[in-house]
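Quick notes on the structure that follows.
The values are calculated or read from the model by the stated rules, or taken from the named source; none is laboratory data. It should be emphasised that the depicted structure is a prediction, and the values quoted were computed from it without experimental measurement. Cβ coordinates were reconstructed from backbone atoms using ideal geometry, including for glycine residues, and neighbour counts include every protein chain displayed.
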Amino acid sequence: MRVTCFSSFTFGYLDRARVLFSSLKRFHPDWDLVALITDEPPPGFTLRIEEEPFNRVVYAHELGVEDFRSWLFKHDVVEICTAVKGPFLRQACESADAVIYLDPDTALFESLEPILERLERDDILLTPHLLDPNTDRQAILDNDLSASRTGIFNLGFVAIRAAGEGLRFADWWKARLLEFCYDDIPSGLFVDQKWCDHAPALFEKVGVVRDPGCNVASWNLSQRRVEIGRDGAITVNGAPLRFWHFTKLGPTGDAMTRRYAQGSHAVDEIWRWYKEQVAACAVPAPPGYWAYGAYSDGVPIPRAHRLIWRERADLHARFPDPFDAGGYRRWLEEHEDMEPA
């Protein structure tokens, strides 16, 4: 089976992506490993593909999205790194039998061969945030209600067959993410995730991966027991740990993990290992670097400017490149009373 596995990120997340792809290469050296990057290299940095753990790079501007810079400007960095997943997923179906997406802040600890086996009978595979109901009130507030707001399934992972219902899903997801991949929970949107709440109703052969060793993260640790055996094997509720989602690396992730790790020494060891790996893969980029985060003169783009651009299609013909500081931004300065609807 020809497998394409990709991750979507900016150069600010290249350190995490290097850890992910190194772990993928260890267990699946025959897969086509693709870095989908919505960014440009930071000053003084050259990406040398022969030195990276992925096979190739696809830049977002190569996806064939119409009026790419105008479309990109509508999104913040999180929104756009999820929005591009749809077009690439569909594109990858042309040359692969199966396509797998993993967030850059994940890492494999075992083979994903069981995922490929599932794709022999299911065309679409998703992992829910929760496999078991929480009983603790704080856990319900933190995890159950969060999943209700942001999506039942965590789209840090998705796998499809590049045919049948999987291909139909790819067409649908591409269309939705091109137009409606925004962080706007009051409107029923949370980037790509909320859309997949519809997947079991809209498509046949949707498989829910209930393996507790898949997509382990702070939001499900309250119901998962992590252990490291004397032989070094890591298990989750008795099953092999396959991949961990190290979401919100830093103080927030540390706090949520500590809250639900239940004092687990194994969890502490896994996180210590991951932080060491990420530190070893550091990229010389300024803090918060993103090439599309500022106007042409280097002034950061406020989110409000992106929202107005999103809502005012009449401005798109007038300002072909919204990143040009002398065009759209100057118009905004002349209309200081403008606010997003």
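Among the residues of the range 6-14, is any assigned by TED's automatic domain parsing to the domain that holds residue 91, buried (at least 18 other Cβ atoms within 10 Å of the Cβ) and either free of Cβ contacts under 8 Å to residues at least 60 places away in the same chain or of a type in the set (A, V, I, L, M) (or both)? Scanning the range 6-14 turns up at least one residue that is assigned by TED's automatic domain parsing to the domain that holds residue 91, buried (at least 18 other Cβ atoms within 10 Å of the Cβ) and either free of Cβ contacts under 8 Å to residues at least 60 places away in the same chain or of a type in the set (A, V, I, L, M) (or both). Among the residues making up the range 209-240, those that are aliphatic (A, V, I, L, M) and in contact with a helix residue (DSSP H, G or I) (Cβ under 8 Å, 6 or more places away or on another chain) are 209, 221, 226, 228, 234. For beta carbons closer than 7 Å, sequence separation of 6+ or different chains, a first residue in the range 167-186 that is free of Cβ contacts under 8 Å to residues at least 40 places away in the same chain and a second that is outside any helix (DSSP H, G or I), the qualifying pairs are 168/203; 180/189.
Among the residues making up the range 284-329, those that are more than 30 Å from residue 44 (Cα to Cα) and outside any loop (DSSP other than H, G, I, E, B) are 304, 307, 308, 309, 310, 311, 314, 315, 316, 317, 318. The condition of being under 22 Å from the mean Cα position of the chain (by Cα), under 25 Å from residue 24 (Cα atoms) and outside the structural domain of residue 14 (by TED's automatic domain parsing) holds for residue 250. Comparison of 289, 260 shows that the only residue that is in contact with a Leu (Cβ under 9 Å, 6 or more places away or on another chain) and either among the aromatic types (Phe, Trp, Tyr) or assigned by TED's automatic domain parsing to the domain that holds residue 47 (or both) is 260. Which residue, of 32, 103, is touching a Gly at 6+ places or on another chain (Cβ under 7 Å), acidic (Asp, Glu) and assigned by TED's automatic domain parsing to the domain that holds residue 10? The conditions single out 103. Checking the stated criteria, residue 164 turns out not to satisfy the condition of being in the same structural domain as residue 24 (by TED's automatic domain parsing) and without any contact (Cβ under 8 Å) to a residue 12 or more places away in the chain. Take residue 215 and tell me if it is at pLDDT 95 or above, in contact with a Pro (Cβ under 8 Å, 6 or more places away or on another chain) and not aliphatic (A, V, I, L, M). Criteria not met by residue 215. Screening the range 143-161 for residues that are touching a residue at least 40 places away in the same chain (Cβ under 8 Å) and of a type in the set (D, E, K, R) and picking the one that is farthest from residue 207 (Cα to Cα) gives 149. Remark: residue 66 matches the filter, which requires a residue to be within 24 Å of residue 323 (Cα to Cα) and among the acidic types (Asp, Glu). Residue 36 fulfils the conditions (1) of a type outside the set (D, E, K, R); (2) over 27 Å from residue 322 (Cα atoms); (3) outside any helix (DSSP H, G or I) except for a single criterion, (2).
Rundown of residues vs (1) closer than 21 Å to residue 287 by Cα; (2) among the basic types (Lys, Arg); (3) not in a loop (DSSP other than H, G, I, E, B), yes/no style:
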| site | (1), (2), (3) |
| --- | --- |
| 17 | yes, no, yes |
| 22 | no, no, yes |
| 46 | yes, no, no |
| 54 | no, no, no |
| 57 | no, no, yes |
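If the condition is being touching a residue at least 24 places away in the same chain (Cβ under 8 Å), surrounded by fewer than 18 Cβ atoms within 10 Å (Cβ to Cβ) and polar (S, T, N, Q), then the range 248-264 contributes only 262. Restricting 52, 66 to those that are out of contact with any Gly (no Cβ under 9 Å at 6 or more places or on another chain), surrounded by fewer than 17 Cβ atoms within 10 Å (Cβ to Cβ), at negative phi and not small (Gly, Ala, Ser) reduces the list to 66.
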